[in-house]
Amino acid sequence: MKAKKLLRIDDLSASQVKKIIESAHKDLKRKKVSTMKAKSKGKSLALVFAESSTRTRVSFERAARSVGLQPYLLEEGSSSISKGEDLTDTLLTLNALGIDSFVVRTASTEELLALRKLNFSILNAGDGVGEHPSQALLDLLCLFNHFGASWAKLAKKRICIVGNLSHSRVVNSWISLGKLLKFDLRLVSPKGWEPADRTNWSDDLKQGLDGCDVVMALRVQKERLSSGSSVSLEQYVRQYQITSKLLAGRPLMHPGPVNWGVELETPLREYGNSLILDQVRCGYYLRATLLNDFVAS
Ligand code: CP
């Protein structure tokens with residue numbers, strides 16, 4: 001059997017996305033993840049994190065244990081990745097030790113995409129400025145739950161995504177997801193930080209927020225900004241920071257980690273209609289569903 005991979009949202013069809021979300025939603029509602037079939041229980045999974053992470057790593061690790069997998073964690077600083085070993089060699093080495101399912105985070109899109117040729121189950125946990133498919137899917141689960149578990153209701157909602165879009169893997173996964181499910185997405189960033197795909201992009205925040213039902217702010221990735229960036233943090237805060245006044249009660253999302261005082265004004269920590277921690281909660285159920293679907297049996 002060919003091993004399954006989720007490296008890009010486009011690896012999924014619209015009906016597969018809906019099936020994953022509906023299955024994860026059932027688990028979310030009953031507060032219990034589905035466990036693996038007996039023949040898959042106890043299988044090994046390696047979590048290969050060559051870039052730092054809190055939410056993605058811990059939710060995948062906890063989900064793996066909950067569904068009955070035995071996860072091994074490999075982090076850059078304490079593995080041979082720090083000696084320059086590439087991801088292909090790392091996965092081949094782990095496979096020689098009996099592991100054939102992997103969750104991978106890396107700063108290198110090239111190394112991530114090179115893993116396609118390997119016949120292992122691989123879930124992308126975020127690659128550089130490429131994609132972060134499980135994040136977009138957990139965001140979708142959060143929205144599906146928020147809007148009454150109805151695809152018809154969700155299809156009528158307009159979602160505005162604001163941030164440093166040229167450096168965001170989350171927005172790239174959301175653009176693909178938006179096309180796949182025909183969502184009404186609005187994208188807002190300063191000029192110079194626009195996404196590669198400029199459909200529905202604007203540099204006017206007020207225009208982007210007009211008529212939208214949900215606001216999703218993305219992190220300003222200071223670590224990915226070159227010194228030659230055409231946009232300064234001060235300019236971003238002045239013109240694009242999301243405030244309580246701009247939200248006017250609408251649901252607020254953010255994949256985290258948040259730079260409080262940059263993309264979100266600090267008083268929004270107490271915002272009543274924030275879905276930020278709901279997104280994190282959804283991550284556990286969504287990733288357990290992915291592991292059940294993608295880890296080879
Ligand atoms: N949203 C997200 O990927 O967070 P972590 O970097 O903490 O995993």
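Do you know which residues across the range 286-297 are open to solvent by 30 Å² or more (accessible area, probe 1.4 Å) and closer than 17 Å to residue 31 by Cβ?
292
So which of 272, 261, 249 ends up being surrounded by fewer than 17 Cβ atoms within 10 Å (Cβ to Cβ), among the small types (Gly, Ala, Ser) and farther than 19 Å from residue 214 by Cβ?
Values: 272 fails: farther than 19 Å from residue 214 by Cβ; 249 fails: farther than 19 Å from residue 214 by Cβ.
Answer to the selection: 261.
Among the residues of the range 217-234, are any in contact with a Cys (Cβ under 7 Å, 6 or more places away or on another chain), at pLDDT 95 or above and more than 24 Å from residue 110 (Cα to Cα)?
Scanning the range 217-234, I find no residue that is in contact with a Cys (Cβ under 7 Å, 6 or more places away or on another chain), at pLDDT 95 or above and more than 24 Å from residue 110 (Cα to Cα), so the answer is no.
Do any helices (runs of 4 or more DSSP H) entirely within the range 122-225 hold 1 or more residues that are farther than 27 Å from residue 87 by Cα and among the basic types (Lys, Arg), and if so, which?
Passing ranges, in order: 151-155, 169-181, 205-209.
For the range 145-173, enumerate the residues that are on the phi < 0 side of the Ramachandran plot, open to solvent by 10 Å² or more (accessible area, probe 1.4 Å) and more than 16 Å from the ligand (Cβ to nearest atom).
Matches in the range 145-173: 145, 146, 147, 150, 151, 152, 153, 155, 156, 157, 158, 166.
Residue pairs, Cβ under 6 Å, 6 or more apart or interchain, first in the range 1-23 and in contact (Cβ under 8 Å) with a residue 60 or more places away in the chain, second among the β-branched types (Val, Ile, Thr). List them.
5/122; 20/289; 23/289
For the range 35-51, what are the residues that are over 21 Å from the mean Cα position of the chain (by Cα) and in contact (Cβ under 8 Å) with a residue 24 or more places away in the chain?
35, 36, 37, 39, 40, 41, 42, 43, 44
Kindly provide the set of residues from the range 255-293 that are part of a loop (DSSP other than H, G, I, E, B) and within 22 Å of residue 123 (Cβ to Cβ), ordered by number.
255, 256, 257
Please work out if residue 13 is open to solvent by less than 20 Å² (accessible area, probe 1.4 Å) and small (Gly, Ala, Ser). I'd like the intermediate steps shown before the answer.
Details: open to solvent by less than 20 Å² (accessible area, probe 1.4 Å): no; small (Gly, Ala, Ser): yes.
No, not satisfied.
Restricting attention to the range 47-69, which residues are within 14 Å of the ligand (Cβ to nearest atom), among the small types (Gly, Ala, Ser) and over 13 Å from residue 106 (Cβ atoms)? Give the steps one after another, and end with the answer.
Let us first name the residues in the range 47-69 that are within 14 Å of the ligand (Cβ to nearest atom), namely 47-63.
Among the residues that remain, those that are also among the small types (Gly, Ala, Ser) are: 50, 52-53, 59, 63.
Residues satisfying the conditions are 59, 63.
Which condition does residue 101 not pass, out of (1) out of contact with any Lys or Arg (no Cβ under 9 Å at 6 or more places or on another chain); (2) more than 16 Å from the ligand (Cβ to nearest atom); (3) modelled with pLDDT of 95 or more, if it passes all the others?
(1) is the only condition that residue 101 fails.
The rows are residues; the columns are (1) away from the ligand (no atom under 16 Å from the Cβ); (2) of a type outside the set (D, E, K, R); (3) at negative phi.
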residue: 208; (1), (2), (3): yes, yes, yes
residue: 221; (1), (2), (3): no, yes, yes
residue: 245; (1), (2), (3): yes, no, yes
residue: 253; (1), (2), (3): no, yes, yes
residue: 258; (1), (2), (3): no, yes, yes
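Out of curiosity, is residue 267 modelled with pLDDT of 95 or more and either under 30 Å from residue 65 (Cβ atoms) or crowded, with 21+ Cβ neighbours inside 10 Å (or both)?
Criteria not met by residue 267.
The values are calculated or read from the model by the stated rules, or taken from the named source; none is laboratory data. Keep in mind it's a predicted model, so treat the numbers as computed, not measured. Positions of Cβ are generated from backbone atoms using ideal geometry, with glycine treated the same way; all protein chains shown enter the neighbour counts. Note: accessible area is taken over every heavy atom of the protein model, side chains too, but ligands, DNA and RNA are not part of it. Shrake-Rupley method; radii C 1.70, N 1.55, O 1.52, S 1.80 Å.
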